[in-house]
Amino acid sequence: MSFRLSQFWHRLTQSSIANTDIFWFDSPEGGHPKKVTWLTIKNAIIAGSEVVDDLTPQLGGSLDTNSFQVKWSKGADVIAASELPVLVDGNYFDVSGATGIATIAEMGIGTVILLHFDAGPLLTHSADLVLPGAANITAAAGDEAIFVQYATGDWRCALYFPATGLPYGITANLAELNYLDLAALGTGAASKAVVLDTGEDFVWPSGGILTLRNRTGVDMGTY
């Protein structure tokens, strides 16, 4: 069965189109019309509708993954710089080099990236690079961090994962130690509450005031 171009759009609404049906199209170069099967047309439509062909695809509603994974791409490695030069080739990047990082290149509000540090650059807290605790972070090899661009040119560190497996700034697993060194925790707080089990040692930084209380809150002495 054959159809002229004038019949094409009408036939698209019909359920009786067969893959072997032929449509005739005028040649742009002139000459005889070209004949194309419906199967060829369908394949061309499908190939032209791939998401990869749309540089700005948009959803019309919530994305249902149909129980399948949504996978990130691993971008090319980037070298630490004052403005970290991440590209649009992925969401997960290795960062080499130890040059200090003050911000991250513009990627668009809502962009989420995961960085893996191969060295120890200093991350400087600012409105352009908001860090946990509003404090600078000296990265270490193996550390990872998730950043979200929350405004034009501004990024927020949503999560920071030291390679040690401990919270940033903590150098020992306090829950498993028999030896507790408060100097490693810093001395900025006016006082610190610590619960020790029987047999544990306690080291207090020089120059500090130590108040001991029992488990019921009764002061046992100040040193």
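Given the structure, is Thr171 at pLDDT below 95, in contact with a helix residue (DSSP H, G or I) (Cβ under 7 Å, 6 or more places away or on another chain) and farther than 30 Å from Thr56 by Cα?
yes
Which one is surrounded by the fewest Cβ atoms within 10 Å (Cβ to Cβ) among residues in segment 64-96 that are β-branched (Val, Ile, Thr) and part of a strand (DSSP E or B)?
Ile79
Thr152 is checked against (1) surrounded by 15 or more Cβ atoms within 10 Å (Cβ to Cβ); (2) in contact with an Asp or Glu (Cβ under 8 Å, 6 or more places away or on another chain) and fails just one. What number does that condition carry?
Result: Thr152 passes all but (1).
Does any residue in segment 85-104 that is in the same structural domain as His116 (by TED's automatic domain parsing) and closer than 20 Å to Ala127 by Cβ come within less than 6 Å, Cβ to Cβ, of a residue that is acidic (Asp, Glu) and in a loop (DSSP other than H, G, I, E, B) six or more places away or on a different chain, and which pairs are these?
Going by the 6 Å Cβ cut-off, the qualifying pairs are Thr103/Asp128.
Could you go through segment 102-110 and let me know if any residue there is closer than 15 Å to Leu159 by Cα and not aliphatic (A, V, I, L, M).
No: segment 102-110 contains no residue that is closer than 15 Å to Leu159 by Cα and not aliphatic (A, V, I, L, M).
Which one of the conditions (1) touching a Gly at 6+ places or on another chain (Cβ under 9 Å); (2) surrounded by 17 or more Cβ atoms within 10 Å (Cβ to Cβ) does Ile101 fail to meet, given that it meets all the rest?
So the condition that Ile101 fails would be (1).
Quick test for you: out of Gly133, Gly120, Gly108, pick the one residue that is more than 23 Å from Pro167 (Cα to Cα), not aliphatic (A, V, I, L, M) and not in a strand (DSSP E or B).
Gly108
The values are calculated or read from the model by the stated rules, or taken from the named source; none is laboratory data. Every value quoted in this text rests on a predicted model; they were computed, and no experiment measured them. For neighbour counting, all protein chains shown are included, and Cβ atoms are generated from backbone atoms with ideal geometry for every residue, glycine included.
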